[in-house]
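Visitor: Below: one structure in structure tokens.
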Amino acid sequence: MQPAKKAIWGWAIYDWANSAFACTVMAGFFPVFFKQYWSAGADLNLSTARLGLGSSIAGLAVALLAPLLGAMVDHTPQKKRMLLGFAYLGALSTALLFWVPEGGWALAVGVYAVATLGFAGANIFYDALLPSVGPAHRLDYISSLGFSLGYLGGGLLFMFNVAMTLKPELFGLENAAQAVRLSFLSVAVWWGGFSLITARWVPEPGNSSPLPMGRAWAEGLRQIWATFKEIRAHRRVWIFLAAYWFYIDGVDTIIRMAVDYGLSLGFESSDLILALLLVQFVGFPAALAFGVLGQRVGPRSGLFIALGVYMLVTIGGSFMRERWHFYALAAAIGLVQGGVQALSRSYYARLIPPDKAGQFFGFYNMWFKFAAIFGPALVGLCSWGFKLMLTPSSPTGLQMAEAGHLAARLSILSILVLFAMGAWLLYKVEPDRKCPTA
């Protein structure tokens, strides 16, 4: 394989590696296991609030570190080593979920927060490598290739883990709970193992001002405020980040809360997990298709298409009654989820100064993580708040269940505001003018 192609594939394979966490843990088994095992016996809306606030705590931890890491990455010649360090922090923390006991929801949140920190920290260094692995006119394709491989790789491991969960006896396991716990271990091995290919195939990009690790951290601290002021000076970058803050919050909230929402409406966990599997395999070709779409109509126009679909999905989700509705909505999400993530990354890479990619991508990831603090907490608190408002003073069991279901449906509509605000701000980003490189 030619060195240039090897670098592109080596970079994209990290999406294959870390998507095991995003799919099996973040979107799939963690919400189910949290509700049924670590938060067993709690009110359904209370467990949703716990999950939403727990996800927000995890988001806060990574948001506080993201700008420091992003500023540091432009001054260290060891980007791949830092990527691996955070990847292995995430993988080992994921493995620790195997030992969290039943009922230990607070410990589960803490371990999950550390795993999320590793996941997000590695992504800062991973995203910062994007401008160096290929020419600018191919960034849409390269970014989409990464997400496409992520859907395929994450989906394949998730399919194996779902099979273990549905038929544990075929794998010599006692029950589905043991299968889910072993799934966390499988994610750790997958994530850590395939990350080594990225370390071998992707060359370390040239650095005009390399610093020792200690001085790089100090320089990172100094640059946080300077980076904020510099981003404010680039109007298109600043408006795009504002748009991204809203709409990616909606995307991330759906990823984290969709299964919990389905459980709150009374759907079987097996149906919800299979719907997530559908998202992965629809997302594999769809992410590649959005890469082509981005090259033909532009990434901004492609993002508008994806956000329109997400808004329709959110409205449709509030009326969901039958399990086939969940499958239909999952297929629609699969069509656009990878596309909105890939085109956002490649569009941002076009806007920023290429010699400060790590610095600007640190804020990009910070923006995403601060957004991730708000969305799950919004849904969780709306669900619990609406439940309190709708429950009669002397409720029967049926009235309690009806109030809980209605509260869940109303809470999901709060995500619609995030997509609408994101689309409006994205419209304000002036097209066809490059950000200066100086």
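Visitor: For region 157-181, give me the residue count where each residue is touching a residue at least 12 places away in the same chain (Cβ under 8 Å) and over 18 Å from the mean Cα position of the chain (by Cα). Full working, then the answer.
Guide: Residues of region 157-181 that are touching a residue at least 12 places away in the same chain (Cβ under 8 Å), as a first pass: 157-162, 164-166, 177, 179-181.
Within this subset, residues satisfying the condition of being over 18 Å from the mean Cα position of the chain (by Cα) are 159-162, 164-166, 177, 179-181.
Residues that pass the stated criteria total 11.
Visitor: Which condition does LEU44 not pass, out of (1) modelled with pLDDT of 85 or more; (2) more than 16 Å from LEU83 (Cβ to Cβ), if it passes all the others?
Guide: Going through (1) modelled with pLDDT of 85 or more; (2) more than 16 Å from LEU83 (Cβ to Cβ) one by one, LEU44 breaks only (1).
Visitor: Touching a Leu at 6+ places or on another chain (Cβ under 8 Å), buried (at least 24 other Cβ atoms within 10 Å of the Cβ) and either in contact (Cβ under 8 Å) with a residue 40 or more places away in the chain or part of a helix (DSSP H, G or I) (or both), is that true of GLY294?
Guide: Numbers: touching a Leu at 6+ places or on another chain (Cβ under 8 Å): yes; buried (at least 24 other Cβ atoms within 10 Å of the Cβ): yes; either in contact (Cβ under 8 Å) with a residue 40 or more places away in the chain or part of a helix (DSSP H, G or I) (or both): yes.
Considered against the rule, which asks whether it is touching a Leu at 6+ places or on another chain (Cβ under 8 Å), buried (at least 24 other Cβ atoms within 10 Å of the Cβ) and either in contact (Cβ under 8 Å) with a residue 40 or more places away in the chain or part of a helix (DSSP H, G or I) (or both), GLY294 comes out as yes.
Visitor: Right, next: Looking at region 193-207, which of its residues are surrounded by fewer than 19 Cβ atoms within 10 Å (Cβ to Cβ), assigned to a helix (DSSP H, G or I) and not charged (D, E, K, R)? Please lay out each step first, then the result.
Guide: Quick first cut of region 193-207, residues surrounded by fewer than 19 Cβ atoms within 10 Å (Cβ to Cβ) only: 193, 196-197, 199-200, 203-207.
With the extra rule that they be assigned to a helix (DSSP H, G or I), the set shrinks to 193, 196-197, 199-200.
Correct list: GLY193, LEU196, ILE197, ALA199.
Visitor: Regarding region 23-38, can at least one residue be identified that is open to solvent by 40 Å² or more (accessible area, probe 1.4 Å), at pLDDT below 75 and assigned to a helix (DSSP H, G or I)?
Guide: Checked region 23-38: no residue is open to solvent by 40 Å² or more (accessible area, probe 1.4 Å), at pLDDT below 75 and assigned to a helix (DSSP H, G or I).
Visitor: Inside region 251-263, can you point out the residues that are open to solvent by 10 Å² or more (accessible area, probe 1.4 Å) and modelled with pLDDT under 75?
Guide: Those that are open to solvent by 10 Å² or more (accessible area, probe 1.4 Å) and modelled with pLDDT under 75: ILE255, ALA258, TYR261, LEU263.
Visitor: Still on this structure, please answer the following. Mind checking whether some residue in region 174-186 is in a helix (DSSP H, G or I), among the charged types (D, E, K, R) and within 21 Å of ALA287 (Cβ to Cβ)?
Guide: Checking region 174-186: not a single residue is in a helix (DSSP H, G or I), among the charged types (D, E, K, R) and within 21 Å of ALA287 (Cβ to Cβ).
Visitor: Consider region 148-176. How many of its residues are at negative phi, open to solvent by 30 Å² or more (accessible area, probe 1.4 Å) and of a type outside the set (S, T, N, Q)?
Guide: The qualifying residues number 12.
Visitor: Among the candidates LEU139, LEU145, LEU117, which residue alone is open to solvent by 20 Å² or more (accessible area, probe 1.4 Å), of a type outside the set (Lys, Arg) and either in a helix (DSSP H, G or I) or more than 21 Å from VAL292 (Cα to Cα) (or both)?
Guide: None of the others qualify; the one that does is LEU117.
Visitor: Pick from region 298-340 the residues that are open to solvent by 20 Å² or more (accessible area, probe 1.4 Å) and among the hydroxyl-bearing types (Ser, Thr, Tyr): which of them is nearest to TRP245 (Cα to Cα)?
Guide: SER301
Visitor: Further question on the same structure: Residues in region 120-136 that are in a loop (DSSP other than H, G, I, E, B) and in contact (Cβ under 8 Å) with a residue 12 or more places away in the chain: how many? Give the derivation first.
Guide: Within region 120-136, the subset in a loop (DSSP other than H, G, I, E, B) is 129, 134-135.
Keeping just the survivors that are in contact (Cβ under 8 Å) with a residue 12 or more places away in the chain gives 129, 134.
Number of matching residues: 2.
Visitor: Please tell me if TYR126 is at pLDDT 85 or above, surrounded by 24 or more Cβ atoms within 10 Å (Cβ to Cβ) and within 26 Å of LEU182 (Cβ to Cβ).
Guide: Against the criterion (at pLDDT 85 or above, surrounded by 24 or more Cβ atoms within 10 Å (Cβ to Cβ) and within 26 Å of LEU182 (Cβ to Cβ)), TYR126 does not qualify.
Visitor: What pairs come up if the first residue lies in region 415-430 and is more than 11 Å from GLY375 (Cβ to Cβ), the second is open to solvent by less than 50 Å² (accessible area, probe 1.4 Å) and basic (Lys, Arg), and their beta carbons are under 8 Å apart, counting only those six or more places apart or on different chains?
Guide: LEU426/ARG300; VAL429/ARG236; VAL429/ARG300; GLU430/ARG236
Visitor: If you don't mind, there's one more thing I want to ask. List pairs: first in region 89-108 and in contact (Cβ under 8 Å) with a residue 40 or more places away in the chain and within 20 Å of SER186 (Cβ to Cβ), second in a loop (DSSP other than H, G, I, E, B) and not charged (D, E, K, R), Cβ under 6 Å, 6+ apart or cross-chain?
Guide: ALA108/VAL100
The values are calculated or read from the model by the stated rules, or taken from the named source; none is laboratory data. These numbers were taken from a predicted model, which means no experiment stands behind them. Quick reminder, even Gly has a Cβ in these numbers, built from the backbone with ideal geometry, and neighbours come from all protein chains shown. Surface areas here come from the heavy atoms of the whole protein model, side chains and all, with no ligands, DNA or RNA. Shrake-Rupley method; radii C 1.70, N 1.55, O 1.52, S 1.80 Å.
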